[in-house]
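First the structure, in the form of structure tokens, and then the observations on it.
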Amino acid sequence: MRAGSMNLSGKKLWIFDVDNTLILDVEHPNPFDDALKLWNALEKRDVTLAILTNVGRLSGRQVHEALKKAGFNLPIENVYTAGAAAAAYIHNRSSGARCFIIGEGGAQEDFVSHGLDVTNNPPIDYVAVGADRGMTFQELNFATKMVNQGARLICISGSRDYPGVYLGQEDIYIGERSIVAAIEHATGVEAIVVGKPLPEIVIETVKILGFDTSESIIIGDNPRSDVAGGKAAGVTTVLVQRDPDNIVDFDSGDLDTTPDIDVTSLEELIEYL
Ligand SMILES: [Mg+2]
């Protein structure tokens, strides 16, 4: 469907993806011009702006900081990362659980701020795995042992690989889903993947912010995370066409990946607000 056949004035909660939607990615935080224009138009209206990102390498605070520098202002409470979603998931089941985290620091910060006990020593209740380009064999081996001893296994988002910069090196890096696959293979335990396209994450974000899914809209570049998760949650979905080389691969199972609205530029949405 084109933007023109949709009236968007009833949408009170606008949830944005970050990488390849608002900015190129968190390691190249250059804003997209069309995204800035839509954002500025929305700021003049009586709507709530929020972020739902699968990035788990940075904390919510760090993502908020990067967006602010790129020109996207919003309250920090409206920024939801995969790390924060995983922390909330664990906290809701076992507050203060002992968690061993593979990650680059962002998820650790989100876990600590949710009151979880982040530790490198047994006993471990949850092993949570995010993208980590400095991960050691020892950490992977320890995580595997803890899962064998009964720890639950959580995957913080589900990318197979993603483009980024690490220690100054531009490259494609294997993602958390691939690291978790090693632990799954070694233990026979299947991980719970917390991040888009899990519909519960979208529904939870809408609920926490005090809205109904019918008055919410999600905007992203990725049919298999943003669109699949949004659609299954009952939220209106917008797919913005970006460089296909920058679209991160996620497993969307049999979820519907057809967007309600398909645009080449986010500016196209402005006249239907
Ligand atoms: Mg994206």
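The values are calculated or read from the model by the stated rules, or taken from the named source; none is laboratory data. Note that the structure is predicted; figures quoted are calculated from it, not measured. Note that each Cβ is placed from the backbone with ideal geometry, even for glycine, and that neighbours are counted across all protein chains shown.
For residues that are assigned to a loop (DSSP other than H, G, I, E, B), within 23 Å of the chain's Cα centre (by Cα) and under 18 Å from V235 (Cα atoms), tally how many sit in segment 249-273.
Qualifying residue count for the region: 8.
Being in contact with a helix residue (DSSP H, G or I) (Cβ under 7 Å, 6 or more places away or on another chain), under 11 Å from S59 (Cβ atoms) and touching a residue at least 40 places away in the same chain (Cβ under 8 Å): is that true of A107 here?
Criteria met by A107.
Which condition does A84 not pass, out of (1) hydrophobic (A, V, I, L, M, F, W, C); (2) touching a His at 6+ places or on another chain (Cβ under 9 Å); (3) within 16 Å of the ligand (Cβ to nearest atom), if it passes all the others?
(3)
List the number of the failed condition for E65; all other conditions in (1) of a type in the set (D, E); (2) within 16 Å of the ligand (Cβ to nearest atom); (3) modelled with pLDDT of 95 or more hold.
With respect to (1) of a type in the set (D, E); (2) within 16 Å of the ligand (Cβ to nearest atom); (3) modelled with pLDDT of 95 or more, E65 is out only on (2).
Exactly one condition in (1) surrounded by 23 or more Cβ atoms within 10 Å (Cβ to Cβ); (2) within 22 Å of L198 (Cα to Cα) is not met by A88; state its number.
(1)
Please determine, by comparing only the residues of segment 234-251 that are buried (at least 24 other Cβ atoms within 10 Å of the Cβ) and under 27 Å from N92 (Cβ atoms), which one is farthest from the ligand (Cβ to nearest atom).
Out of the qualifying residues, it is V235.
Could you tell me whether segment 81-94 includes any residue that is of a type in the set (K, R) and modelled with pLDDT of 95 or more?
There is no residue in segment 81-94 that is of a type in the set (K, R) and modelled with pLDDT of 95 or more.
Of all residues being part of a loop (DSSP other than H, G, I, E, B) and touching an Asp or Glu at 6+ places or on another chain (Cβ under 8 Å) in segment 132-172, which is surrounded by the fewest Cβ atoms within 10 Å (Cβ to Cβ)? Just the residue, please.
G134
Matching residues to (1) touching a residue at least 60 places away in the same chain (Cβ under 8 Å); (2) assigned by TED's automatic domain parsing to the domain that holds D251; (3) in contact with a strand residue (DSSP E or B) (Cβ under 6 Å, 6 or more places away or on another chain):
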residue	(1), (2), (3)
L36	no, yes, no
R45	yes, yes, no
P75	no, no, no
N78	yes, no, yes
A82	yes, no, yes
A85	yes, no, yes
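Regarding T236, is this residue out of contact with any His (no Cβ under 9 Å at 6 or more places or on another chain) and modelled with pLDDT of 95 or more?
Spelling it out, T236 is indeed out of contact with any His (no Cβ under 9 Å at 6 or more places or on another chain) and modelled with pLDDT of 95 or more.
So, in segment 25-51, how many residues would count as being within 14 Å of the ligand (Cβ to nearest atom) and modelled with pLDDT under 95?
5
Of everything in segment 105-114, what is surrounded by 18 or more Cβ atoms within 10 Å (Cβ to Cβ) and either at pLDDT 95 or above or not in a loop (DSSP other than H, G, I, E, B) (or both)? Give them in sequence order.
Passing the criteria: G106, A107, Q108, E109, D110, F111.
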